[in-house]
Structures are given as C-alpha cells and as structure tokens.
Amino acid sequence: MDGPILEVAGLRVDIPVDGSTLRPVRRVDLTVGRGETVAIVGESGCGKSLTALSIMGLLPRSARPSSDHVRLKGEDISKASPRRWRKLRGDRIAMIFQDPMTALDPCYRIGDQMVEILRQHRSISRSDAQARAVELLGKVGVPTPEERLSQFPHQLSGGLRQRVMIAMALLCEPELVIADEPTTALDVTIQAQILRLLRDIQRETGIGLVLITHDLGVVAGVADRIVVMYGGEVVETGTCDEVLGAPLHPYTEGLLRSIPVPGETRQGERLGFIPGVVPRQSGEQTSCGFLKRCPYAMAECAGGPVAIRDIAHGRGVRCLLPPDPGARDPGLWTRFETEEVAS
Amino acid sequence: MTSDALIMRGVTRDYPVGTAFGRKQTLRALRGIDLTVGKGRTLGLVGESGCGKSTLAKILLGVEQASSGEVLVEGRPISGYGRLERAGLIQPVFQDPYSSLNPRMTVETLIAAPLAVRGIGDSALRRRRAREMAALVGLPDHLVSSYPSQLSGGQRQRVAIARALIGEPRILICDEPTSALDVSVQSQILNLLHRLKSELDLTMILISHNLAVVHHLADEVAVMYLGQIVESGPSAEVFARPRHPYTEALLKAVLPPRAGVRLPELGLEAEFPSPLRPPSGCAFHPRCRVADGLCAERAPERDGTNHSFRCHHPLGGGDQAAAMTTPETA
Ligand SMILES: Nc1ncnc2c1ncn2[C@@H]1O[C@H](COP(=O)(O)OP(=O)(O)O)[C@@H](O)[C@H]1O
Ligand SMILES: Nc1ncnc2c1ncn2[C@@H]1O[C@H](COP(=O)(O)OP(=O)(O)O)[C@@H](O)[C@H]1O
Ligand SMILES: [Mg+2]
Ligand SMILES: [Mg+2]
C-alpha cells in the first residue's frame, strides 16, 4: 500500500523555563508521501528544528512534546519506547544535520562509525558492512572512498563531511530522512551539488524527504510541497508552485518581497521587509500570531487564534483574509515608514 | 589620481603555518591583488570561503599588513596613516554584530565609542551625535539606553553601522554584513546601506557570499578565487556577461525563490583547493569545464580593461550567460 510515510497531526512542544512555559511549536501538521520532498521553511526561531527533533524523538530533556499522532508508515512513534527508538532511528528514519559534527564522532574513524551503524541494525559481517560503506560513500560522491574509511572526520573538508553524513543516514535504506539545514553552512557551489545528490538519491530510492531550510531559493530548487512555519505554527501549505507563485499568507508574501532577485528586482530598489520581530512564544495565543507585523491586519484578526483554512486538497492557509493575493497591494511591503511595530 | 579611494597593486599576504609534521609552511592567502575602487563607488567582492576576502578587508582596515605590493588609501600609502587617522577614514561592519559589541555598554555609548577613542568633543556632544546617528540608521530613540542583548539581530547591525559611521569615515568595509540575518531583516539593512551610501557619498566594499546581495548594491564586482581576482568589472556587465567560467558557475548557483526553478548543473566537481598547495597554471583548472593542457601549465594573465578576467578560454559573452537575467525554468 502506498499510504503516506509520515503523518504528523497536532504536534506541539512546550519548554518550561524559569517559571514560565515557552511554546516554540504550537500547531504542526505534516504529511510526507513516498518519494516526496516536503520543505519546512521559515525564519530562525520559528520552531523548525524542534519540529524535526520531536519527530525523531531527539528533543532536549526539558522539552515536553505532545501530539494527536506521529505515524511512520502507520505506526504511532510518538510514544515509542527508548528501545523501539534505537531500532527505528538510523534504520527506518534518519536525520541529516547542518553541522555534520553533530552526527559524526570526532574520535572514531569514518569506516568504524559506518560499520557500527550497519551492524547495529543488520546481521552483516564486518567486511560486508565495509563494502556497503564504500559503496555508499562512492554514491554520494566522496572521492577514493576506500581511503576515507580509515580517516577521521576532521581530516575532511566541510563539503566532504556533509557527504559522509548523508551516506551514514542512507546506510540502512531508511524510509524517511529529515534534513535540517543540510547546506546552510556550505558554499553555494557545494550547496548545489549536495542538493542534487539528495534529490537523485531520493528519486532512486523513493524515500520521503523532509527538508528544513530558511532559504526559499533552496526550497524552489528541490521541494514538491512547502510548509511555511511562523511562530511555532504552520501558516501555509501547498505545492512549491502554489506557494511561491501565489503566496496566500501575508508572512509568506512578506518573505518573498524581501529577497532581491537578480534580473527581477532592480539594483538598489527599495526591498520589502517585515516590520518588527518574532515575538517570544510563551502563553496561549489570543490572536493571529502574525497580527502585530501584518500590514493587512483587520479587527477580526485580534479575536482569537486563527485556524488553518483548507483552500483545496493540500493547500491551506492560517489567515482570515480572502485567499486572493491578486486583490492585495504587495507594494505595501516596501512602504512601511518604520521597521518598528508598537508592542 | 585622487578620484580613486582605494588602490591595491600586486598585493600578497603570506601566513606562516605549521603542518602536522611540524614543518613550517607558507600559506599565500592573497596572490597578487590588483584593485581600484573609485570614490563613492561600491565594490562587491565575491568568492568561496577561504579565497581571501576577509584577508583583503583586514589589509584595507590596517589590522593586517600586506606581505608585498602597494595599498593606497585616498592616494597615500596605507602605512603612512596613523592608527586614529586611518580609523577616521575607513571603518568596518562585520557579519556578527553581537560579538563585535561590548555587552556591558549601552547603545549610546557603543555608537559614540569611536569619538571617545579619538577624544572628539565632550560627553554631551558625543551623546548628541550618537542619538543623531541612531536616528540616521533607523534605531528608535527609546533603544539608545538599551544593551546589545536587548536588541534583535537587525537592530544590533544598525548599532554597528551607526558606530562605524559616527566618525564620518569616507570608506566602509562591510564583511558579510547581512549573512547572520533573516531575509526579512537583511532587506532592511540592504535598504539602509543603499540609502547611506548615496546620502553620505560613501565608498564601500561589500563582501558577501550571496550574489543577489552583491547584485543589489554593488556598482562594480570582483570575483576572487584562491587569493586572486579572476574577474572584475561593472556589476551589470559581469552579471549579464561573465567571461570567467568560475563566475558563470557562481551565477548559476544562485537559486531564485521562484516556482519552476531547477537545480543548476555547475560542472564543478572537484573541491576548492588548499591554498597551501595551489594547482599549477590557472588555479581554477582542476574544476573548470573548459580547461585544457595550457590551463594546467600556464597561469593566465589579466585580460581586458574595464571588464577584466584571467582565463585562457574566456566565455564568449553570449547566451550561456543568461543565468541571472532569466532564471532557468523546468
Ligand atoms: N532547549 C531549549 N530550551 C529553550 N528554548 C529553546 C530550546 N530549543 C529551542 N528553543 C527555542 O525555541 C524556538 C524555536 O527553536 P528552533 O526549533 O531551533 O527554531 P528554528 O530551527 O526554526 O530556527 C526558539 O525561540 C528557540 O530559542
Ligand atoms: N591568521 C591566519 N593564519 C593562517 N592562515 C590564515 C589566517 N587568516 C586567514 N588564513 C587563511 O587564509 C585563507 C583566506 O582566508 P580568509 O581571508 O578568511 O577567506 P574568506 O574571508 O574569503 O573566507 C584561508 O585559507 C585561511 O585559512
Ligand atoms: Mg533550526
Ligand atoms: Mg571571510
């Protein structure tokens, strides 16, 4: 059966700090199908990494997650035991981090680390495991893979380390890979290679890929579907073409108006921006989370938290405005008189 | 030639480095830089990390010295300026405003610091100037008595810019000024820099790994590769018709946030080389899609005048350069 690989509903993460409770992830729903790339996009602090970590069962100790369900191929993994997690992680679901040293142990040779992962999940001989490691290193474009097995992570360049981590994530042929800012620390030339690599592997193996990034250009290059997050909530979903071509949520629109695009924006022309800053996410919501920064805000927006409105299958927006970007004046984003908002 | 704010001629910079086996080696971070920036112009400097951009900036700021070559600031050798005199003329803005701002000083004190260091005015005058600068860079008045930790990233970068500008320098060196910021804030800082450069007639060097940022602000652009400038010229010209294959690859690597954009095939398979062991001939040849035997043998001289490049097989300047003007669509 070709049901979704990942289904997340009503995900929420609370973190108690100094007597109050942070609510960095409030309402996240997410579905990833076989062979599909879903991008989670949003600016820093909107809860992308915590969303990823809670799906992976890797949240910091202090965090308190809750959800309606988090299903991997139908199995609810949100309440999996640590023992079950040791079987799932690395085998059926794997993660790629921005900083490869999060996943690589500096004190162990690359070969040993890869063999250990395989032997943890498969009954496979050492030499077969090594052969598999070499095969995967070759596949992700690491030159002279045999020689790398005996190297330590610090002996490799940043781009190569990233490839090694990708190879490690793919060792056991997982069904789902979550990549959190996998190319953010890399040069643009290396970024393009790594993104192509992820895309090719994904097409070949049919894995579901969740790609987390703050870079809308990266999203445009690789995503099938986009989930836009703001202040711990999903504020817009749709296909890549829908969200980038006709953004419905004012936050998405504001982001797209902020980015200079050679050949489109004129040199030195005034760029759009989003006034104000992301508010601290504590307490329950009493209005639309974007209210104070939104140039289109109406009286109703202050009435209470806003529900996701389903526009079409897979297309949703958390906004009370009519879902018609053509009826708005996007020039608005460049005409704010100040970058501050009243608090 | 006093119309040029900055001139570098044949500038090199060597760093002594130890190797794993304890041998001393020399890392040549800059390998002969020729550069001219006219007064009031903005030069964008691009290239992969490790190519020498920050080293070049540090030499212009006087915090590092060139190992050889000539550096002229407003027509005079940089070594001829005293520290304070130089600081009055050239100021930096760095990527991470947090680490460059003393957390125990208020915004007002931070902005006024360059005046205090140079003993300009009394404290009342310095405070007044600091408030004027805060207003100029769009910091609201109520923030001047805050501490850096109470500010957002964008506000901290405004403080850094205000502090750089308070002594009325003529040259601003911005090293990745927006790289730590979210895009909705980056655009505010780009708007600000654009306004300031014309209002104050600043000469600016803008270092960024983001070509869209450079395209947005720079009049001229210089592309660096392994310690050399491999292509330079008027920004519009270089972006529309790159002559060096490396420039072309960098331009193609820009992913505009638009529906239907495809991942580019850059054909840059090999990795950025180590400056300790620069490749023979043209340093780019191991990664170049058009390189041949000549490229491995002989380093190309600089060619062209206004729009110049170092390449044995420059691109024709025809349609292969369309990457920046018409985003590739699927
Ligand atoms: N361990 C933690 N304790 C307290 N707050 C945290 C912790 N981890 C993350 N946060 C906060 O939660 C919010 C969301 O963080 P994160 O998911 O890392 O955002 P993103 O990945 O989108 O940048 C941020 O405001 C961050 O400061
Ligand atoms: N103080 C130093 N000692 C030794 N090597 C250095 C030093 N500063 C920079 N380098 C080397 O010089 C080269 C250029 O560095 P840098 O100018 O920082 O590049 P960029 O700013 O383009 O990333 C790099 O290989 C870097 O490792
Ligand atoms: Mg994150
Ligand atoms: Mg640098």
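Take the residues in region A:264-298 that are under 16 Å from A:P250 (Cβ atoms) and among the small types (G, A, S); name whichever of them is nearest to the other protein chains (Cβ to nearest Cβ).
A:G272
From the list A:G331, A:G303, A:G263, which one is surrounded by fewer than 15 Cβ atoms within 10 Å (Cβ to Cβ) and closer than 30 Å to B:V238 by Cα?
On the way: A:G303 fails: closer than 30 Å to B:V238 by Cα; A:G263 fails: surrounded by fewer than 15 Cβ atoms within 10 Å (Cβ to Cβ).
So the residue among A:G331, A:G303, A:G263 that is surrounded by fewer than 15 Cβ atoms within 10 Å (Cβ to Cβ) and closer than 30 Å to B:V238 by Cα is A:G331.
Which ones in region A:199-208 are closer than 20 Å to A:P100 by Cβ, touching a residue at least 12 places away in the same chain (Cβ under 8 Å) and surrounded by fewer than 24 Cβ atoms within 10 Å (Cβ to Cβ)?
Across region A:199-208, the qualifying residues are A:R199, A:I201, A:Q202.
Please enumerate the residues belonging to region A:132-151 that are among the small types (G, A, S) and assigned to a loop (DSSP other than H, G, I, E, B).
A:G141, A:S150
When you scan region A:47-81, how many residues do you find that are charged (D, E, K, R) and within 12 Å of ligand 1 (Cβ to nearest atom)?
Qualifying residue count, region A:47-81: 3.
Just for strands (runs of 3 or more DSSP E) wholly inside region B:29-102: which have at least 1 residues that are over 12 Å from the mean Cα position of the chain (by Cα) and farther than 18 Å from B:S208 by Cα?
B:68-73, B:90-93
Which ones in region A:166-190 are touching an Asp or Glu at 6+ places or on another chain (Cβ under 7 Å) and away from ligand 3 (no atom under 13 Å from the Cβ)?
A:C172, A:P174, A:D187, A:T189
Looking at region B:222-234, is at least one residue closer than 20 Å to B:E48 by Cβ, buried (at least 24 other Cβ atoms within 10 Å of the Cβ) and facing chain A (nearest Cβ under 9 Å)?
no
Take B:E64 and decide whether it is of a type in the set (D, E, K, R), farther than 17 Å from B:A222 by Cβ and in contact with a helix residue (DSSP H, G or I) (Cβ under 6 Å, 6 or more places away or on another chain). Full working, then the answer.
Numbers: of a type in the set (D, E, K, R): yes; farther than 17 Å from B:A222 by Cβ: yes; in contact with a helix residue (DSSP H, G or I) (Cβ under 6 Å, 6 or more places away or on another chain): yes.
So B:E64 fits the description; yes.
Given the criterion over 27 Å from B:A253 (Cβ atoms) and more than 16 Å from ligand 2 (Cβ to nearest atom), identify the matching residue among B:D34, B:D122.
Of the residues listed, the single one that is over 27 Å from B:A253 (Cβ atoms) and more than 16 Å from ligand 2 (Cβ to nearest atom) is B:D122.
Of all residues in region B:194-210, which are of a type in the set (A, V, I, L, M), within 11 Å of the chain's Cα centre (by Cα) and either within 13 Å of chain A (Cβ to nearest Cβ) or surrounded by fewer than 19 Cβ atoms within 10 Å (Cβ to Cβ) (or both)?
B:M204, B:L206
Taking interchain pairs and intrachain pairs at least six residues apart, which have beta carbon atoms under 7 angstrom, with the first residue in region A:166-187 and assigned to a loop (DSSP other than H, G, I, E, B) and the second within 16 Å of ligand 2 (Cβ to nearest atom)?
As it stands, the answer is A:T183/A:Q191; A:A185/A:G158; A:L186/A:G158; A:L186/A:G159; A:D187/B:E48; A:D187/B:S49; A:D187/B:H209, since those pairs meet every condition given.
If you check A:A302 against the conditions, is it without any contact (Cβ under 8 Å) to a residue 12 or more places away in the chain, on the phi < 0 side of the Ramachandran plot, more than 9 Å from chain B (Cβ to nearest Cβ) and of a type outside the set (D, E)?
Judged against the criteria, A:A302 is not a match.
Which of the residues that make up region B:279-298 are at pLDDT 95 or above and within 13 Å of chain A (Cβ to nearest Cβ)?
B:F284 - this is the single residue of region B:279-298 that is at pLDDT 95 or above and within 13 Å of chain A (Cβ to nearest Cβ).
Within region A:249-263, which residues are facing chain B (nearest Cβ under 7 Å) and either assigned to a loop (DSSP other than H, G, I, E, B) or among the acidic types (D, E) (or both)?
A:I259, A:P260, A:V261, A:G263 - these are the residues of region A:249-263 that are facing chain B (nearest Cβ under 7 Å) and either assigned to a loop (DSSP other than H, G, I, E, B) or among the acidic types (D, E) (or both).
Quick check on my filter: what residues within region A:1-29 are in contact with a Leu (Cβ under 7 Å, 6 or more places away or on another chain) and within 16 Å of ligand 3 (Cβ to nearest atom)?
A:V13, A:I15, A:P24, A:V25, A:V28, listed by residue number.
Quick one: which of B:G10, B:G47, B:G22, B:G40 is within 10 Å of ligand 2 (Cβ to nearest atom) and on the phi > 0 side of the Ramachandran plot? Before you say what the answer is, go through the steps one by one.
Numbers: B:G10 fails: within 10 Å of ligand 2 (Cβ to nearest atom); B:G22 fails: within 10 Å of ligand 2 (Cβ to nearest atom); B:G40 fails: within 10 Å of ligand 2 (Cβ to nearest atom).
Checking each option against the conditions leaves just B:G47.
Return the only residue of A:K48, A:K73, A:K79 being surrounded by fewer than 17 Cβ atoms within 10 Å (Cβ to Cβ) and outside the structural domain of A:M165 (by TED's automatic domain parsing).
A:K79
Out of all the residues in region B:38-60, which are surrounded by fewer than 23 Cβ atoms within 10 Å (Cβ to Cβ) and among the β-branched types (V, I, T)?
B:T55
Is it true that B:K53 is within 23 Å of B:F239 (Cα to Cα) and among the basic types (K, R)?
Yes: the conditions hold for B:K53.
Only one of B:L251, B:L276 is more than 7 Å from chain A (Cβ to nearest Cβ) and either charged (D, E, K, R) or in a helix (DSSP H, G or I) (or both). Can you tell me which?
B:L251
Identify all residues within region A:16-55 that are touching a helix residue (DSSP H, G or I) at 6+ places or on another chain (Cβ under 8 Å) and of a type outside the set (S, T, N, Q); write none if there are none.
A:P24, A:V25, A:V28, A:L30, A:G35, A:A39, A:I40, A:V41, A:G42, A:E43
Any residue in region A:233-248 that's more than 9 Å from chain B (Cβ to nearest Cβ): show its pairings with residues that are part of a helix (DSSP H, G or I) and hydrophobic (A, V, I, L, M, F, W, C) at Cβ separation under 7 Å, as long as the two are six or more apart or on different chains.
Partner pairs satisfying both residue conditions: A:E236/A:V243; A:P247/A:L256.
Would you point out the residue of region A:118-152, among those that are in contact (Cβ under 8 Å) with a residue 40 or more places away in the chain and not charged (D, E, K, R), that is surrounded by the fewest Cβ atoms within 10 Å (Cβ to Cβ)?
Filtering region A:118-152 for residues that are in contact (Cβ under 8 Å) with a residue 40 or more places away in the chain and not charged (D, E, K, R), the one surrounded by the fewest Cβ atoms within 10 Å (Cβ to Cβ) comes out as A:S150.
I need the full set of residues from region B:163-193 which are among the small types (G, A, S) and either touching a Cys at 6+ places or on another chain (Cβ under 7 Å) or away from every other protein chain (no Cβ under 14 Å) (or both), in order please.
Just the residues of region B:163-193 that are among the small types (G, A, S), to begin with: B:164, B:167, B:179-180, B:184, B:187.
Result: B:A164, B:G167.
I'd like to check something: does region B:83-97 contain any residue that is within 12 Å of ligand 2 (Cβ to nearest atom), within 14 Å of chain A (Cβ to nearest Cβ), buried (at least 18 other Cβ atoms within 10 Å of the Cβ) and closer than 30 Å to B:F284 by Cβ?
yes
Among the residues of region A:155-171, is there at least one that is away from ligand 4 (no atom under 16 Å from the Cβ), surrounded by fewer than 14 Cβ atoms within 10 Å (Cβ to Cβ) and away from chain B (no Cβ under 14 Å)?
Checking region A:155-171: not a single residue is away from ligand 4 (no atom under 16 Å from the Cβ), surrounded by fewer than 14 Cβ atoms within 10 Å (Cβ to Cβ) and away from chain B (no Cβ under 14 Å).
The values are calculated or read from the model by the stated rules, or taken from the named source; none is laboratory data. In this text, all values refer to a predicted model and were calculated from it rather than measured experimentally. Neighbour counts run over all protein chains shown; Cβ positions are idealised from the backbone, glycine included.
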